1. Considering C:Ile213, C:Ile223, which residue is at pLDDT 90 or above and within 30 Å of A:Gly252 (Cβ to Cβ)?
2. Looking at (1) free of Cβ contacts under 8 Å to residues at least 24 places away in the same chain; (2) surrounded by 17 or more Cβ atoms within 10 Å (Cβ to Cβ); (3) charged (D, E, K, R); (4) more than 10 Å from every other protein chain (Cβ to nearest Cβ), which is the one condition that is false for B:Glu77?
3. Given the criterion under 27 Å from B:Lys70 (Cα atoms), away from every other protein chain (no Cβ under 13 Å) and not aliphatic (A, V, I, L, M), identify the matching residue among B:Arg141, B:Arg178.
4. State whether one or more residues within the range B:6-18 are out of contact with any Lys or Arg (no Cβ under 9 Å at 6 or more places or on another chain), among the aromatic types (Phe, Trp, Tyr) and surrounded by fewer than 21 Cβ atoms within 10 Å (Cβ to Cβ).
5. Can we say B:Thr63 is touching a residue at least 40 places away in the same chain (Cβ under 8 Å) and either part of a helix (DSSP H, G or I) or surrounded by fewer than 17 Cβ atoms within 10 Å (Cβ to Cβ) (or both)?
6. On the basis of being surrounded by fewer than 22 Cβ atoms within 10 Å (Cβ to Cβ), polar (S, T, N, Q) and away from every other protein chain (no Cβ under 11 Å), does C:Ser197 make the cut?
7. Inside the range B:114-138, can you point out the residues that are more than 8 Å from chain C (Cβ to nearest Cβ) and within 20 Å of C:Asp332 (Cβ to Cβ)?
8. Name every residue in the range A:216-230 that is farther than 13 Å from A:Val140 by Cβ, away from chain C (no Cβ under 11 Å) and part of a loop (DSSP other than H, G, I, E, B), in order of residue number.
Amino acid sequence: MFGTIFKPLFRNKKFIVAFSVFILIVLMGILGPILYPKDPTSFAGKMESPPSKEFPLGTDTYGGDLLAKLLNGIRTSLYIGFLTAVISMVIGLLIGSISAVKGGVVDDILMSFTNIVLTIPNILLAILVATYLKVRSAEVVAILLGVLGWPWFARAIRAQLLSLINREYVYLSRLAGYTDLQLAFEDLIPGIATYALMAFILFINGGILGEAGLSLIGLGPTKGVSLGIILQWAVLMEAVRRGLWWWFIPPGLIIVALTSSLLIVTTTMDEIFNPRLRER
Amino acid sequence: MGETILELRDTKAYYIIEKNFVRAVDGVSLEIKDEIIGIVGESGSGKSTLSNVMLMSIKRPLTFMGGSVKLYTNGNELELTNINREELQKKIWGRETSIIPQSAMNALMPTKRIRSYILDVMKSHFEEIDEKEIIEKAINRFEEIGISGEFINRYPFELSGGMKQRAVIAVATLLNPRLLIADEPTSALDVATQKMVLKTIKELKDKKIVKSIVFITHDIATVRQIADKMVVMYAGKIIEEGTTDEMVSEPLHPYTKGLLFSVVTPEPEVKRRGITYIPGTPPDLINPPPGCRFHPRCPERMEICDKEEPLLKNINQRRVACFLYEKR
Amino acid sequence: MRDHTLNPFIKYLGRRFFFLLLTYFIALTIVFILPRAIPGNPLASILSRIFQTGQANPELLRSVERTLMEEFGLGKPWFVQYVEFITKALRGDLGTSISSYPKKTLELIIPVIPWTLILLIPSILIAWIIGNTLGAFAGYRRGSLVDRIALNTSLIIGQIPYYWLGMLLIFFLSVKLKIFPGQGGYTQGTIPNLSFSFLLDVLSHYILPSLSIIISALGGWAIGTRMLVVNELDSDYVSFSEHLGVKSKTIFGYVFRNSLLPQVTGLALSLGGALGGALITEIIFNYPGTGYLLFRALSTLDYPLIQGIFVILIASIYLANFFVDFIYAIIDPRIRLGQGES
């Protein structure tokens, strides 16, 4: 089934380019630290040296090897992004589908709740919560971002399910005596699967950008290196104003490449799976 | 009967979707005179596309493939296929021709009062306008059509379905166009409102607000109530044409017969024969059946039907495209 | 048909007001619960930090402790604490700062608020206007070269995080090309006043942080409006207007107007995120606004100040939200005259 769905994607040039960029960065995060096994936190030698043969991306104020930091940072940031996406996705799916299927009072309550979370400025709330957490692992940061990111997705899933449920074939399945579970697996899930996949990708983006933002305020993971942490130290050590470009440009480039490649992946998926757009 | 208003000659318009041609209008010739003409067909017969061809309102993926569309204005003869969209919009649409769209429910600009929309329409056609005079005329037109002139001060969402439909008709005929195309104008309305709107449309002609009306519908019963002449379309082609009375009392083409008998009608004649329906579905317009396009569904098909294409031929005052009526 | 029992405009605004008030209470409640719910008494940790620095004399320390105990109402039942907290918050009494003891937190916050507002409001409005206009033109010419270029650049520019864009702007335009100053709200050492030269100085410091907010927000608006315009072009009123011979320019005006309406609500929803973004931008630019104050409060763990900043920021966001709702209700007749929100 997946073969026939995804085949048209791999005939689309834009998709192939974006997808390759994404895979390349993922490989950098997974294999990088193994192929370039330097400790990102130890003193590597020279301080604040520009890129050289010995340090391909130079070093920071504490003599940390920035390439090693970058590779490990990609790994952490991807991990946080992925975990954030899983959390937001699960919450959003649960709330959205319960709301759609149950309807009535349950729907009203869940949707008011969703609207409230949507209206509470979530960056601010994340900052506030993070303030009180003295130890913040990558997982804690991901949970924080994930728990605040789901409302728009829950609303969209609810709307999609409602329009599906009202379609004829679902009605026929009901008449045919399908159980709720059968109904969900055979009629409803396929209807929202591609949409959910696209939302998942956007959540990954949200997680990566959110981590970097929190880190810049000083509320990122307290242990380890992430792309945000590299930027945070670059700001703290005034790398920008002192012209140490090798410190802050690569992590930002990676963030932009990662998030825009993922975004292009979703928009091309949307073009291909959403025939209304195709005819334009 | 009367002067010719619009003349189509062998027009073809296809939708081009992923290198496939959907032959929605495939060689249609038709003369529209000073009359109400009903165009009947199932969905997918190309009747709505034909209305676009009449106005030469062609937008991708619809593509005009050939033929001639002549509009006769006072003494002038305009070949619409030679005029670009921008010019049509400026000089023809709204002035010489007008439409009542398929979904009149959302046809009016939703966030503007009707009054201000009317002024926009007028400003588009005339350099200088006298707002007071226009509003006065518009109010008159509203009242002529049977709704309160006060409605022009409202937003479209403040009107009920039937009111909205009639407001659309009033706005569409502000400039007394010669030709009015009504595309399924009543299909979204309840039966009582339907009757009222039909009456309104008929009155447009009686009061000489417009010269001719093309009434497009899938519902043959509606056409009977309103049209002088009837045209039946099937799979992008006209298969039969004649005065409404004749067509109803003596349909020639097997498809027309099927259509007629598939409707509940008050005619005792039809009632006695019972309700039949046409089995099968309209053909795929990408690969239409060879020969007569109706032959796979035709109860009276003959050997020749899937081999040769029947031409639209004159029989007395009518035209029909069927081998049953060809002398061989 | 037109005489409603209650003016729908008022009804709509009332509903929005109630919703925002409710949400604000929930936000306040979260601010209240957090320090009390998190294991390891944050107050104790503040005090121990002050002990550690060893700068404070015992007398001052005791007075800080007393103030804290009193303001946090520790030792009293939680609901008493809660009621005290809410009433104080509504009166604008947000407690006493620790790092700048004995100043009230409000005294510290009020002077920085204008800086943030001046940075944030014009920037997001400019981004909204330019982005929407660009998106509308791209959508109107959908499929054209202009559209594709605009769409793809917006997609990528929209992905540049504002903070990193800020760093790039500082690096290239300030450090390398030395066109604009790269930090602060005004030249250090000058005293804020209303002279022309000072305002000019503020303006030159303003450009880079504002630009980083504008550029990074622009892409999102452009893409959103483009999509709305493309949808709107498909609607029945567009085709009807065309066939009535309404000028293309006028029709574009209709489409633009109707596409902007949902974007007005979008503006309200984006305010929280934009504010968060502005806070970080301020930190990068050492810009003397709320973000910078928050950053200082965070690094000294000045909890009352942090809390105070939040109470104020969230309140301002909701006020702005309500203001946008108000504008929306005025410009969309469907709400003003009561046809429900969609």
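1. After applying the criteria, what remains is C:Ile213.
2. It is condition (2) that B:Glu77 fails.
3. B:Arg178
4. no
5. Here the answer is yes, as B:Thr63 does meet what is asked.
6. yes
7. B:Ile114, B:Arg115, B:Ser116, B:Tyr117
8. A:Val225
The values are calculated or read from the model by the stated rules, or taken from the named source; none is laboratory data. For clarity, every value in this text was computed on a predicted model and none was experimentally measured. Cβ atoms come from the backbone with ideal geometry, glycine included; neighbour counts cover every protein chain shown.
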